[in-house]
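Q: I have a structure here, written as structure tokens, and I will follow up with some questions on it.
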Amino acid sequence: MAAAAGALRRLVRCGPQQGLGRRLQLRSGIHGSAPAAVQVTVRDALNQALDEELERDERVFLLGEEVAQYDGAYKISRGLWKKYGDKRIIDTPISEMGFTGIAVGAAMAGLRPICEFMTFNFSMQAIDQVINSAGKTLYMSAGMVPVPVVFRGPNGASAGVGAQHSQCFAAWYGHCPGLKVVSPWSSEDAKGLLKASVRDDNPVVMLENELMYGVPFEMSEEVQSKDFLVPIGKAKIERQGTHVTLVSHSRSVGHCLEAAAVLVKEGVECEVINLRTIRPMDVESIEASVVKTNHLITVEGGWPQFGVGAEICARIMEGPAFNYLDAPAVRLTGADVPMPYAKILEENCLPQVKDIIFAVKKVLNI
Amino acid sequence: MRKMLLAALSRVLQGPAAAAAARPVSRVVVASRNYADFASEATFDIKKCDLHRLEEGPPVTAVLTREEGLHYYRTMQTIRRMELKSDQLYKQKIIRGFCHLYDGQEACCVGLEAAINPTDHLITAYRAHGYAYTRGTAVREILAELTGRKGGCAKGKGGSMHMYAHNFYGGNGIVGAQVPLGAGIALACKYFGKDEICLTLYGDGAANQGQIFETYNMAALWKLPCIFICENNRYGMGTSVERAAASTDYYKRGDYIPGIRVDGMDILCVREATKFAAEHCRSGKGPMLMELQTYRYHGHSMSDPGISYRTREEIQEVRSKSDPITLLKDRMVNNSLSSVEELKEIDVEVRKEIEEAAQFATTDPEPPLEELGNHIYKNEPPFEVRGPSQWIKYKSVG
């Protein structure tokens, strides 16, 4: 009775945290019906993943700025410090290079740390530890020293945060052998990839997106399960299509789907691929799609030069899909400038739905 | 008295007699190798350590058993000869790239190891061959790693700066990066609660790196069982300590972290100081800082002759007055823990071991090309790694 009352209170208090409240509601069986699909925000999906992995494996712990008593700068780790305490959820001073090195060292000594960067812009201070200490050690030691650490946090553009807080690091980390790099879009992606990353014995960089944190997605029964994982290294076809392949990651996937919804009215069927993993990249899925559609557009928030789209284009050139292209592959990227502040400028520095529609029509010559 | 007389006579005769390939009869008579003549242990006065934020420091005397002495001697001599052999192989261009030699600093790695358990952890920077050895890697595997062969401790994939062993985390190339790593290892020690500690080493040059101060802060804040150890060999590459640091009292640079300054050329001093620091850490009091004052005979690396920023006289003076192996040898011989002959025999054995290891290191084949793609990921199904072109692929297994 007390438990049910507690659940009701939590439900009432939850307010905007619909997903969490409803999940509790379903778990405590107040309605007495079998669990079904629920709406869960990316934030809550990440929170669930952290909670489940902390519970599952004693060696897992979370460290970073404000992750404990503040409940996380973006509330991703809400409630975890209360539940797991100081040993498992550690607030660090503002010392990226130091605490990232500490996370990597802890991983070398047998723990499974999750190292949060408040944003990936700050990871630049610590990038030596991520690449040289975490990424390369297994290779340099010929397999003797694995580094099972997860680096996670928001990546790329937010809203009005200015140039120093808006950079996308997918290409930077995706460049380096030894690292795995994942980039979730939906709640399912976020939960499944974070869990898979924690269980992976290798250093994984997980590039989240702040603007996606509050977005709800439907999570099926299967996805809600504590053992649901999204495999690292496999892309997902979010929408089947026949006329053009749109490849994207993170927030841009949503824009691609929006563009597809508009284009379908004009009889154009877009196939939308959600990369999910930047490294190792699932080029096979892209190739299979291009063989089918004969047209390729890549969409990303990062800068054009040496970016994710550039890599995809190069790989398509090298593989069987090249012969199936009816037009050169096209890249949509962030504008080649530091991110400005003013709204109108910022908006025009990222690929918008209208840009995707324009590019599709260009590529299809319609 | 008789022992001292015998020892003295033996020393006198050893000089000129050795060159003439000795008169076995007289050697046997004068310097008999009767083990009953050796003491089982002796007590030595050691230099008092300078203290920072500590009321008491390590003891000022140390007991050395004969067994310990012989072990330390053999280990230091092995490292010395191994490093000199590396010098030789480098000049023959059989070793490539970077090669940072440790000769002169042997008392540090051997003294540290003597004070800790194999279950404790250690991490250092790139002047790491001595530590690779004391932490359990065979000489032949170290040399074969330097020569880039498949029998190297990292299968030839790491090289001089990236040797690892059980509870030894290298071998790190980026100056200062190993310090946060070491604190992370100490965090794991505390987390697992197995009473283990981590020795985290860096040099006088690295001591000015910002990430070290970030690490001091967190280690002290969280009371991590970490001994920060600054091997001060007076020069960061070609820059003397006076030219690099506003404060050269490296043992004080941890500010709120208690520190001791140790004579790094005296193995007993290093051992006792480390025992003291280890006890402090194990008792949960948090980190401690040790500055080991030591010296390297070689330049910064094999590409540095080491005489443009210091004088030959200085090097010679350290060699003649403070050599760690000579210091131990004199102590042992003068206190009947061993004899010149016995130690010479060890020298001969060590030389042989190094020669055999060098032989292995120069004849073992290079790693097969297939090895190129391996060890990218751990516990991953085999996958393909791209070579210099799209048509060249390597299989990768973890």
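The values are calculated or read from the model by the stated rules, or taken from the named source; none is laboratory data. In this text, all values refer to a predicted model and were calculated from it rather than measured experimentally. So basically every Cβ, Gly included, is an ideal-geometry build from the backbone, and we count neighbours across all protein chains shown. The accessibility values were calculated without ligands, DNA or RNA, using every heavy atom of the protein model including side chains. Shrake-Rupley method; radii C 1.70, N 1.55, O 1.52, S 1.80 Å.
Q: Could you please give the count of residues in region A:70-101 that are of a type in the set (A, V, I, L, M), more than 14 Å from chain B (Cβ to nearest Cβ) and in contact with a helix residue (DSSP H, G or I) (Cβ under 7 Å, 6 or more places away or on another chain)?
A: Number satisfying all stated conditions: 2.
Q: Ok, one more. Among the residues that make up region A:309-318, is at least one of them outside any helix (DSSP H, G or I) and open to solvent by 60 Å² or more (accessible area, probe 1.4 Å)?
A: No, the conditions are met nowhere in region A:309-318.
Q: A follow-up question, please. Could you say which residue among A:GLU284, A:GLU271 is out of contact with any Gly (no Cβ under 6 Å at 6 or more places or on another chain), free of Cβ contacts under 8 Å to residues at least 40 places away in the same chain and outside any loop (DSSP other than H, G, I, E, B)?
A: None of the other options fit; the residue is A:GLU284.
Q: Those residues that are in contact with a strand residue (DSSP E or B) (Cβ under 9 Å, 6 or more places away or on another chain), without any contact (Cβ under 8 Å) to a residue 40 or more places away in the chain and assigned to a helix (DSSP H, G or I), I need them from region A:319-357; list them, please.
A: A:ALA321, A:ASP355
Q: So which residues in region B:161-193 are of a type in the set (A, V, I, L, M, F, W, C) and either within 7 Å of chain A (Cβ to nearest Cβ) or assigned to a helix (DSSP H, G or I) (or both)?
A: B:ILE174, B:ALA177, B:VAL179, B:LEU181, B:ALA183, B:ILE185, B:ALA186, B:LEU187, B:ALA188, B:CYS189, B:PHE192, listed by residue number.
Q: Here's another thing I want to ask about it. Let me confirm something: among A:VAL130, A:VAL40, A:VAL104, A:VAL67, which residue is more than 9 Å from every other protein chain (Cβ to nearest Cβ), closer than 22 Å to B:GLY182 by Cβ and touching a Leu at 6+ places or on another chain (Cβ under 9 Å)?
A: A:VAL130
Q: Name the single residue that is surrounded by the most Cβ atoms within 10 Å (Cβ to Cβ) among those in region B:192-206 being out of contact with any Asp or Glu (no Cβ under 9 Å at 6 or more places or on another chain) and not β-branched (Val, Ile, Thr).
A: This residue is B:GLY205.
Q: Also: Go through region B:354-398 and give me each residue that's over 13 Å from B:GLY148 (Cα atoms), within 12 Å of chain A (Cβ to nearest Cβ) and in a helix (DSSP H, G or I).
A: B:GLY373
Q: So B:VAL110 clears everything in (1) surrounded by fewer than 24 Cβ atoms within 10 Å (Cβ to Cβ); (2) out of contact with any Asp or Glu (no Cβ under 8 Å at 6 or more places or on another chain); (3) among the hydrophobic types (A, V, I, L, M, F, W, C) except one condition, right? Which one?
A: (1)
Q: Quick check on B:LEU328: is it farther than 29 Å from B:GLY156 by Cα and not hydroxyl-bearing (Ser, Thr, Tyr)?
A: yes
Q: Can you tell me which residue within region A:107-127, out of those that are among the small types (Gly, Ala, Ser) and touching a residue at least 12 places away in the same chain (Cβ under 8 Å), is nearest to the other protein chains (Cβ to nearest Cβ)?
A: A:GLY110
Q: May I ask you to say which residue of B:ALA132, B:ALA114 is within 14 Å of chain A (Cβ to nearest Cβ), under 17 Å from B:ARG74 (Cβ atoms), in contact (Cβ under 8 Å) with a residue 24 or more places away in the chain and in a helix (DSSP H, G or I)?
A: B:ALA132
Q: Among the residues that make up region A:178-185, is at least one of them in contact (Cβ under 8 Å) with a residue 24 or more places away in the chain and more than 22 Å from A:ALA45 (Cα to Cα)?
A: Yes, there is a match, as at least one residue in region A:178-185 is in contact (Cβ under 8 Å) with a residue 24 or more places away in the chain and more than 22 Å from A:ALA45 (Cα to Cα).
Q: Restricting to region B:124-149, what's the tally of residues that are touching a helix residue (DSSP H, G or I) at 6+ places or on another chain (Cβ under 7 Å) and either over 18 Å from B:CYS108 (Cβ atoms) or hydrophobic (A, V, I, L, M, F, W, C) (or both)?
A: Of the residues in region B:124-149, 10 are touching a helix residue (DSSP H, G or I) at 6+ places or on another chain (Cβ under 7 Å) and either over 18 Å from B:CYS108 (Cβ atoms) or hydrophobic (A, V, I, L, M, F, W, C) (or both).
Q: Among the numbered criteria (1) touching a strand residue (DSSP E or B) at 6+ places or on another chain (Cβ under 7 Å); (2) open to solvent by 20 Å² or more (accessible area, probe 1.4 Å); (3) farther than 21 Å from B:HIS71 by Cβ, which single criterion is violated by B:HIS121?
A: It fails just one condition, (2).
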